[in-house]
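Here's the structure we're looking at; comments come further down.
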Amino acid sequence: MPFPPGVATVTLTGRYCHPDGTPINGTVTFAAPSLLTISGADTIATGSVMVTLVDGQFSVVLIATDNPSAQPTDWLYNVTERLQDVSSRSYAIALPQATPLVNLADIAPANPASGNYVPVIGPPGTPGKTILSGTGAPGVGVGIAGDFYIDTATWNIYGPKSGTWPAGVPLAGSGLVSAVNGMTGSVSLNAGHVGADPAGTSATAIASEVVRADAAYAAASVTGRVTTAEATIAAQQRRTIRRGGIDPSLIDAVYSGTAPTITTTQTTTSSITTPVKYAPPLVTLAGSDVRGDFLFLGATDFAIGAGAPDSSYALPTSKIPHTYASGQSSWAFEFVTDAPELELRFKYISAASMYRLSIDGRPMTLAPQSVGGTTAGSGHMLKIAFGSSVYRRIRVDMYSVPFGGIYIGTDYRLYRPVTSRGRLMVLGDSITDGSAQNAGGGTGTWLYKAARMLGVTDVWDQARGGTGYITAGSYAVFGDRLAADVTAYAPDVLIIKGGYNDNGGNQTTVGTAAAALYSAAKTALPSTQIIVVGPLAPTATPSTGIVNTDNTLAAQALAAGLPFVSLVTGETKNSTGAVISTQNPYITTANVTSYIGADSVHPTDAGHDALGRWMVRALAPVLPL
């Protein structure tokens, strides 16, 4: 819930990682005084807030410690860190409202005495060179070799000293600045003196400054960690999946710049001159390899395979069954680089292995493309040659592609960008996870298309084919998947979309399972917006089982106070059951043959394109402005 008016808040972010850059799991608790009274906002706050690290990171909004009407005054948060493989520690922090965005690394104490290491004091080093000053010329015994000296009486500068002091030189002479643009004395510069736009409205000048600022930011951000600036941006962007940001054109807009040359070769040897491999988590580093600071999206909990060649490739395992062999098939990663060419190392699985390349926020193609492998089980390099060195934001959506790293030349840089618009997740079935009727599995379904329209980059396909509320398929029912597949990764918006696989079951049993799932989700995710979507009807005249399941889920969503979207009726209902939006049912007699594939159940590529737009129209009324 939002804070009441009159309560000043601070957004606090943080990141924890091992020395090799892999994220640390754990929790961080922030405890306020037992009773904090904010009379100006008619509010009493108490207790503590515990955040669970996701990819080693957190973002939380807390009450500022200097609210003017708060009692007690001058209070502090007590912070308790409980991290994997690290001794817990506690300390106090202040969060003044004058700094609304703070990274914990900037204010947490760093006490060497609390670490498990022994400080060793070395011998004194050679005295450093310095600039001395005084009234009158320096004496013979003043300073050491290499020092400079300023006489404050005459403003002569002497040095560098080499045994004896050389003659002094006036600071205003010898080519030093004595005037600005030909003006002397007290100078006041205006825009015209330096060739700037007097009105300050030149689009060209502004664009040039943006390019220079981006380049400077990029150059300053290659330290292999999320900088304070990035954390600040991320804090502003989280929890902002809003209808005000919907842009239908984004689903069709492709990259309009010069297309790179893309080739795939069956090899594990880079063709780039003096390459550096930026390796994914857990893959062993060798030679010049470094750990890649990638922005992973839609997945985490990486694992590497057992034995060669799988030990050289990583896959996320954050979806049931949480194994390397059958892990997260749909996911993405992003990075920024100025390299004119790069190579993506991957293990080829089959013709179903696909990817989609995006540059500066625009996909090269709408549909995922084949990685172009030849021999199944072998290592390959997918080379992307741009032909020029400029900073680009690169995104690669992966489907069934074990990832071995990114290679770029040693003269270039690679660093991690930030996400935008929060985390969107779907707990569902094969309508979201994809089928043989569409290209690219889950990366080619309505979810990724709707996310682009919403401006969301962190898209989590936590769907498994054949599953439902009471139907486990080859995996588990929704309720049994909630804790490990959903709540562990704290989505900002969770869509529970399913029911097709349950439509032949007992409706009382379906209703009981749905009620339990919605209650558990609300309890486990109090800050998450949860939206229920009913089953897809693959025919223009839905079966009785589909209609009954749709009605059952709508009734349970109403009982739980959750919005409900019906693909059968075209209605969107708010948490009180009121119809707030109506459109045609998703499947009609006019579109069924083009939208539903040959298996008479799953959408085609065209069907997923249409479903993405349909879902955004249905979801928009329940999203915040």
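The values are calculated or read from the model by the stated rules, or taken from the named source; none is laboratory data. Just so we're clear, the structure is a prediction, and the values are computed from it rather than from any experiment. When we count neighbours, we look across all protein chains shown, and the Cβ atoms used for this are built from the backbone with ideal geometry, even at glycine. Accessible surface is based on the protein model in full, side chains and every heavy atom, while ligands, DNA and RNA are left aside. Shrake-Rupley method; radii C 1.70, N 1.55, O 1.52, S 1.80 Å.
At a Förster distance of 60 Å, what's the computed FRET efficiency of residue 273 paired with residue 71, Cβ-Cβ distance as r, to 0.05? Could you put the intermediate results ahead of the total?
Values: r = 66 Å, r/R0 = 1.10.
Efficiency, from the Cβ-Cβ distance: 0.35.
Tell me, what is the FRET efficiency for residue 352 and residue 507 to the nearest 0.05, using R0 = 45 angstrom and their Cβ-Cβ distance as r? Numbers along the way, then the final one.
Details: r = 36 Å, r/R0 = 0.80.
With R0 = 45 Å, the Cβ-Cβ based efficiency is 0.80.
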For this session: Identify all lysines with a Cα-Cα distance to residue 347 below 16 Å; exclude those on the same chain that are fewer than 8 residues away in sequence.
Result: 277, 383
Exercise. Once amide H atoms are built 1.01 Å from N in the peptide plane, which residues 5 or more positions from residue 458, or in another chain, come under 5 Å H to H?
Worked result: 420, 424
Problem set entry | Fraction of accessible area attributable to carbon and sulfur, the range 489-543 (%, probe 1.4 Å) | 56
Seminar exercise, completed: Among the range 506-527, those whose backbone N falls under 15 Å of a label point 7 Å along Cα→Cβ from residue 88 are none
For this session: Take peptides 422-431, 610-619 and line them up by average Cβ neighbours within 10 Å, highest first, as a rough protection proxy.
Result: 422-431, 610-619
Exercise. Based on the Cβ-Cβ distance of residue 98 and residue 50, what FRET efficiency does E = 1/(1 + (r/R0)^6) give at R0 = 25 Å, to the nearest 0.05?
Worked result: 0.45
Exercise. Could the peptides 292-299, 389-396 be put in order, highest first, of the mean number of other beta-carbon atoms found within 10 Å of their residues?
Worked result: 292-299, 389-396
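Can you give the local net charge around residue 108? Use residues other than it whose beta-carbon is closer than 10 angstrom to its beta-carbon, Lys and Arg +1, Asp and Glu -1. Show your work: numbers first, answer last.
Details: positive: 89; negative: 81, 106.
The answer is -1.
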Exercise. Expressed in nm to one decimal, what extension gain is obtained for the pair residue 365 and residue 154 from 0.36 nm per residue of sequence separation less their Cα-Cα distance?
Worked result: 68.9 nm
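Using the Cβ atoms and a cut-off under 12 Å, what net charge is assigned to the surroundings of residue 299, where Lys and Arg are +1 and Asp and Glu are -1?
Taking every other residue near residue 299 into account, the sum is -4.
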Exercise. If packing is taken as the mean number of other Cβ atoms within 10 Å per residue, what is the order of 461-470, 99-108, highest first?
Worked result: 461-470, 99-108
Exercise. What order do 341, 81 take when sorted by accessible area (1.4 Å probe), most exposed first?
Worked result: 341, 81
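How would 449, 129 line up by accessible area, probe 1.4 Å, largest first?
Numbers: 449 15, 129 130 Å².
Most to least solvent-accessible, the answer reads 129, 449.
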For this session: Output ³J(HN,Hα) for the range 508-525: one whole-Hz value per residue in order, computed from phi by the Karplus curve 6.51 cos²θ - 1.76 cosθ + 1.60 with θ = phi - 60°, and x for Gly and Pro.
Result: 5, 5, 4, x, 5, 5, 5, 4, 5, 5, 5, 5, 5, 5, 5, 5, 6, 10
Problem set entry | Prolate/oblate/rounded call for the range 433-523, Cα gyration tensor, a/c under 1.5 rounded | oblate
For this session: Mind checking which aspartates and glutamates have their Cα closer than 14 Å to the Cα of residue 497? Skip sequence neighbours fewer than 8 apart in that chain.
Result: 429, 433, 461, 550
Seminar exercise, completed: Expected vector for the range 139-147, Karplus 3J(HN,Hα) from phi with 6.51, -1.76, 1.60 and θ = phi - 60°, integer Hz, x for Gly and Pro, equals x, 4, x, 8, x, 10, 4, x, 6
Exercise. Which ³J(HN,Hα) values, rounded to whole Hz and listed in residue order, are derived for the range 46-55 from phi using the Karplus coefficients 6.51, -1.76 and 1.60 in 6.51 cos²θ - 1.76 cosθ + 1.60 with θ = phi - 60°, glycine and proline given as x?
Worked result: 8, x, 9, 10, 10, 10, 9, 5, 10, 6
